[in-house]
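*Asks:* Dropping the structure in here first, questions after.
Throughout, read-outs are computed from the coordinates displayed, never taken from laboratory work. From a predicted model like this one, the values you see are computed outputs, not experimental measurements. Here the Cβ positions follow ideal geometry from the backbone for every residue, glycine too, while neighbour counts run over all protein chains shown.
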Amino acid sequence: NFHRIFFPMKNSFKGCLKLDSSLCFYLYDYVSVSHNLKASTDLKKTINLLFRMKEGHVVSLTAKLFSLAMSRIYTITDKKGNSILIPIPASTRDRHMQRFSYFCHLLSERTGIRNGYNAIQIESDRAELKGVRNVDKIFNLKFNPSLFSDKQVILIDDVLNSGTGFIQIKRKLIDLGAKSVIGVFLVKTKEEE
């Protein structure tokens, strides 16, 4: 009951779009709330879940929501034996580990898809570049192609903003031998109405 009061429980993807010819799915819409905007209850629940995920909390809940939504997508379930889950790296090693280490482990257990947490490593921390376009967001990353070569990669992240980071990582994965890439996100930002 605690989770139902404070977090959204919808466990199917709200939307699907194509970025750089790759399918991307997301669970919830997200609007950055200014102090003057009254947020709906649903938006407040989404914000609670998003920020708890960023902090590495409610990991069991977020893994459950992702896995249930992913189980309904044929392009994911049909090739899960030849797929790997890889998180889009956060800006720092500490944030990345806090956000994705246990999450990827649980999501892998729930979906039966190989855990690729170590497929992309952060060699040095960098400034946060969320929503920024026309900037190299992968200069500090080291890729391990032996983990994803000839596989369907499911790239996971908490927020889809501009899509620049996803596209840059997707292209690098394909260049290094990944067969295909699908994006899976907790939220997609949309403009305030």
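*Asks:* Assuming 0.36 nm per residue, please report the length gained on full extension of the stretch SER124 to LYS38 beyond their Cα-Cα distance.
*Replies:* This chain segment gains 27.1 nm when fully extended.
*Asks:* If you don't mind, there's one more thing I want to ask. How many nm separate the modelled label positions at ARG93 and THR189, each set 7 Å beyond the Cα in the direction of the Cβ?
*Replies:* Here the modelled spin labels are 2.8 nm apart.
*Asks:* If you place +1 on the Cβ of every Lys and Arg, -1 on the Cβ of every Asp and Glu, and leave all else neutral, what size is the dipole of the stretch 111-164 about its Cα centre, to the nearest 20 Debye?
*Replies:* Numbers: 7 positive and 7 negative charges, 21 e Å.
Rounded to the nearest 20 debye, it is 100 debye.
*Asks:* Let me ask something additional. Under the classification rounded if a/c is under 1.5, otherwise prolate if a/b is larger than b/c and oblate if not, where does the stretch 42-134 fall, given a ≥ b ≥ c as square roots of the Cα gyration tensor eigenvalues?
*Replies:* oblate
*Asks:* Could you point to the residue in LEU61, ALA90, SER21 farthest towards the positive end of the chain's charge dipole, with +1 and -1 charges on the Cβ of Lys/Arg and Asp/Glu respectively?
*Replies:* LEU61
*Asks:* Starting from the Cα-Cα distance between LYS54 and CYS16, subtract it from 0.36 nm times their residue separation and give me the gain in nm to one decimal.
*Replies:* On the way: separation 38, 0.36 × 38 = 13.68 nm, distance 2.22 nm.
That pair, LYS54 and CYS16, stretches by 11.5 nm at full extension.
*Asks:* Using a 7 Å offset from Cα along Cα-Cβ at ILE138, what residues in the stretch 156-193 end up with backbone N under 11 Å from the label point?
*Replies:* Inside the label zone: 165-178.
*Asks:* Give me the distance in nm between label points sitting 7 Å out from Cα along the Cα-to-Cβ direction at GLU109 and ARG171, one decimal.
*Replies:* Each label point lies 7 Å from its Cα, and together they span 3.8 nm.
*Asks:* On alpha-carbon atoms, Rg over Rh for the stretch 146-193 using Kirkwood Rh?
*Replies:* That ratio is 1.07, to two decimals.
*Asks:* Another question, if that's okay. From the residues SER71, PHE139, ILE120, which one has its Cα farthest along the dipole of the stretch 1-152 in the positive direction, the dipole being from +1 and -1 charges on Cβ of Lys/Arg and Asp/Glu about the Cα centre?
*Replies:* SER71
*Asks:* Decide, for the stretch 90-193, between rounded, prolate and oblate: order the square roots of the alpha carbon gyration tensor eigenvalues as a ≥ b ≥ c, take rounded if a/c falls under 1.5, and otherwise choose prolate if a/b is larger than b/c, else oblate.
*Replies:* rounded
*Asks:* Right, another one. Where nothing but the Cβ of Lys and Arg (+1) and of Asp and Glu (-1) is charged, how large is the charge dipole of the chain around its Cα centre, in debye to the nearest 20?
*Replies:* Taking the Cα centre of the chain as origin, the dipole is about 360 debye.
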